[in-house]
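Undergrad: Mind looking over this structure? Questions follow.
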Amino acid sequence: MRTAVVLLTRDLRVHDHPALATACATAEQVVPLFVLDPRLAGRSANRDRFLHQALADLRAVLRERGGDLVLRHGDPVTETIRLARDVDADGIAVSADVSHYARGRQRRLRDECERHRIAYREFPGLTVVDPAALTPTGGDHYKVFTPYFRAWSAADWRTACAAPDQIRLPDGLAVGRLPALPAGESAQAAAGGETVGRRRLRDWLGNLDRYGDLHDDLPGDATSRLSPYLRFGCLSPLEVAQAAGDRDGPFVRQLCWRDFHYQVAHAFPDLATTAYRRNAKEEWRYDAAALDAWQTGHTGLPIVDAGMRQLLAQGWMHNRARLITAAYLTKELGLDWRAGRAWFDRWLLDGDLPNNSGNWQWVAGTGNDTRPNRRFNPLRQAHRFDPAGDYVRRWLPELAGVPGAAVHEPWQLPLAVRAGLDYPPPLSER
Ligand code: FAD
């Protein structure tokens, strides 16, 4: 093949990139292309910033290898075909994604390629195991995690691809400018890019042994924080899983949860809007004031407020805090999981359709949990996973002077102490 275009979406890396590696191995000239799609911009200021940083990093990494990142603005299908025709490309490659929008984009691109007689090919790379690769007997996807995990860890995983040494762009191609760096909303948000992601992975692997014991420890903050890099494909999930080694270990098991939700979203594309469980009882309350208190971290329940404030400050929240805050919204306040999902989607650097919607539905009891009526008592969770109250004090400065576990129940403090705190009573007492 003479010229191939690789349309990048959320696979913003050069390591273990099957579409890019194959294009570089089979074509004389390769155009790595990213199209800034106005329909996807502005959903999350945090992710817009992270994306921008990831693109800038990818451009630098590609330039080191003799190539570049070509940027266009507009409808990805129109722009990809336009560019392919400009450079007289004979092939277009893309990493297959699962969302409604992505699949629509892939379908349109394939049709346009057919019309213009350009070869079109989809590649794996967004998950460890392809979302459609594993099916249980008599079904098109796994509905329950444990059997999926068994099949997933026993499956043949593809071999990771080496990063291309050299990339040759067609001569004279205008590469396009990256717009100014968006501001983002969270002051402490992590920075995007493959370079930062790989460094973070390398550093974090040294803590892997402690993960099993500490991953639920809220103040310990001992999880990898790799999720935003996986979300944008700055890291290959396969490479992360292989670097971690033990397929049955607790960390790789969490990566399997990620694949699990992808295969659910692949089979049930309405996961963001529609209850996955057909007979789910959905009787949500409408309470704008309670929703606002939850969103801004002013419910009066410190463990919930701490999680929500972490989200606003960092564009990320510890998984245990996500479980507690989501269960509080849906099961204690009785508010619709879709409102919670939308708020998380606005702030999370790792916010994506399969994981955000799949986890929200799991917590709300409308999704894949085999115990849909499960309840998380937030106070019990607080004492168990933040026994000395350090996580709460870290995120709620107004409670920083309350010592020990007493910080979890400020309503139990003597009235005189309570009166001196700038902290609201629980929603149920207002
Ligand atoms: P680690 O504990 O280090 O885990 C390693 C990787 O495993 C993560 O980076 C992630 O890719 C994957 N992982 C871990 N737990 C889960 C899980 N429960 N489901 C799916 N994948 C998992 N994760 C997202 O990536 N995007 C989301 O939009 C998202 N929304 C969530 C919403 C709710 C209500 C809940 C309860 C969880 C959500 N999660 C989401 C899952 C999980 O909270 C995050 O993946 C995790 O906290 C990321 O931190 P980490 O990278 O330090 O995780």
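The values are calculated or read from the model by the stated rules, or taken from the named source; none is laboratory data. Small disclaimer: the values here were computed from a predicted structure and weren't measured. Glycine also receives a Cβ, built like all others from the backbone with ideal geometry; neighbour counts cover every protein chain displayed. All accessible areas refer to the heavy atoms of the entire protein, side chains included, with ligands and DNA or RNA removed. Shrake-Rupley method; radii C 1.70, N 1.55, O 1.52, S 1.80 Å.
Undergrad: Restricting attention to the range 352-364, and to residues there that are surrounded by 24 or more Cβ atoms within 10 Å (Cβ to Cβ) and farther than 14 Å from Ala326 by Cα, which single residue is farthest from the ligand (Cβ to nearest atom)?
TA: Pro354
Undergrad: Looking at Arg200, Arg210, Arg253, which is the one that is within 11 Å of the ligand (Cβ to nearest atom), open to solvent by 60 Å² or more (accessible area, probe 1.4 Å), part of a helix (DSSP H, G or I) and more than 30 Å from Ala364 (Cβ to Cβ)?
TA: Every option except Arg200 fails the conditions.
Matching residues to (1) under 28 Å from Arg13 (Cα atoms); (2) not small (Gly, Ala, Ser):
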position	(1), (2)
Ala244	yes, no
Trp257	yes, yes
Ala267	yes, no
Tyr276	no, yes
Lys281	no, yes
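Undergrad: May I pose another question? Working carefully through the options Arg384, Arg380, Arg375, Arg393, find the one that is of a type in the set (D, E, K, R), open to solvent by 30 Å² or more (accessible area, probe 1.4 Å) and closer than 22 Å to Arg285 by Cα.
TA: Criteria check complete, one pass: Arg375.
Undergrad: Hey, does the range 316-333 have a residue that's in contact with a strand residue (DSSP E or B) (Cβ under 9 Å, 6 or more places away or on another chain), within 13 Å of the ligand (Cβ to nearest atom) and outside the structural domain of Arg49 (by TED's automatic domain parsing)?
TA: yes
Undergrad: Need the failing condition index for Gly245 against (1) over 19 Å from the mean Cα position of the chain (by Cα); (2) open to solvent by 50 Å² or more (accessible area, probe 1.4 Å), just the number.
TA: Against the list (1) over 19 Å from the mean Cα position of the chain (by Cα); (2) open to solvent by 50 Å² or more (accessible area, probe 1.4 Å), Gly245 comes up short only on (2).
Undergrad: Please work out which residue is farthest from the chain's Cα centre (by Cα), limiting yourself to the range 271-296 and to residues that are assigned to a helix (DSSP H, G or I) and touching a residue at least 12 places away in the same chain (Cβ under 8 Å).
TA: Among residues in the range 271-296 that are assigned to a helix (DSSP H, G or I) and touching a residue at least 12 places away in the same chain (Cβ under 8 Å), the one farthest from the chain's Cα centre (by Cα) is Ala290.
Undergrad: Ok, one more. Identify the residue in the range 334-351 that is open to solvent by 30 Å² or more (accessible area, probe 1.4 Å) and near the ligand (Cβ under 8 Å from one of its atoms) and, among all such residues, is nearest to Arg49 (Cα to Cα).
TA: Checking each candidate, the answer is Asp345.
Undergrad: Anything in the range 241-250 that is more than 11 Å from the ligand (Cβ to nearest atom) and without any contact (Cβ under 8 Å) to a residue 60 or more places away in the chain? List them, or say none.
TA: Listed by number, the residues that qualify are Ala243, Gly245, Asp246, Gly249.
Undergrad: Quick check on the range 365-373. Is at least one of its residues within 11 Å of the ligand (Cβ to nearest atom), over 26 Å from Val402 (Cβ atoms) and in contact (Cβ under 8 Å) with a residue 24 or more places away in the chain?
TA: Yes - at least one qualifying residue is present in the range 365-373.
Undergrad: Which fully enclosed helices (runs of 4 or more DSSP H) of the range 1-109 have 1 or more residues being at negative phi, surrounded by fewer than 21 Cβ atoms within 10 Å (Cβ to Cβ) and among the hydroxyl-bearing types (Ser, Thr, Tyr)?
TA: Correct list: 18-26, 76-86.
Undergrad: Applying the selection to the range 110-121, what residues are more than 14 Å from Thr78 (Cβ to Cβ) and open to solvent by 80 Å² or more (accessible area, probe 1.4 Å)?
TA: Once the filter is applied, which keeps residues that are more than 14 Å from Thr78 (Cβ to Cβ) and open to solvent by 80 Å² or more (accessible area, probe 1.4 Å), the range 110-121 yields Arg110, Glu114, Arg117, Arg121.
Undergrad: Given the conditions (1) surrounded by fewer than 22 Cβ atoms within 10 Å (Cβ to Cβ); (2) touching a residue at least 40 places away in the same chain (Cβ under 8 Å); (3) away from the ligand (no atom under 11 Å from the Cβ); (4) in a helix (DSSP H, G or I), which single one is not true for Ala306?
TA: Failing condition for Ala306: (1).
Undergrad: With Asp270, Asp259 as the choices, which residue is of a type in the set (D, E, K, R) and within 14 Å of the ligand (Cβ to nearest atom)?
TA: Criteria check complete, one pass: Asp259.
Undergrad: Return the residue satisfying two criteria in turn: it lies in the range 374-391 and is of a type in the set (A, V, I, L, M, F, W, C) and part of a helix (DSSP H, G or I), and of such residues it is farthest from the ligand (Cβ to nearest atom).
TA: Among them, the one singled out is Leu379.
Undergrad: Check Val402, Val407 and return the single one that is part of a helix (DSSP H, G or I), modelled with pLDDT of 95 or more and open to solvent by less than 30 Å² (accessible area, probe 1.4 Å).
TA: Answer to the selection: Val407.
Undergrad: Tell me the residue from Leu218, Leu235, Leu173 that is away from the ligand (no atom under 16 Å from the Cβ), outside the structural domain of Arg320 (by TED's automatic domain parsing) and part of a loop (DSSP other than H, G, I, E, B), please.
TA: Leu173
Undergrad: Might you check whether a residue that is of a type outside the set (Val, Ile, Thr), over 17 Å from Val35 (Cα atoms) and touching a His at 6+ places or on another chain (Cβ under 8 Å) occurs anywhere in the range 141-153?
TA: Yes: the range 141-153 contains one or more residues that are of a type outside the set (Val, Ile, Thr), over 17 Å from Val35 (Cα atoms) and touching a His at 6+ places or on another chain (Cβ under 8 Å).
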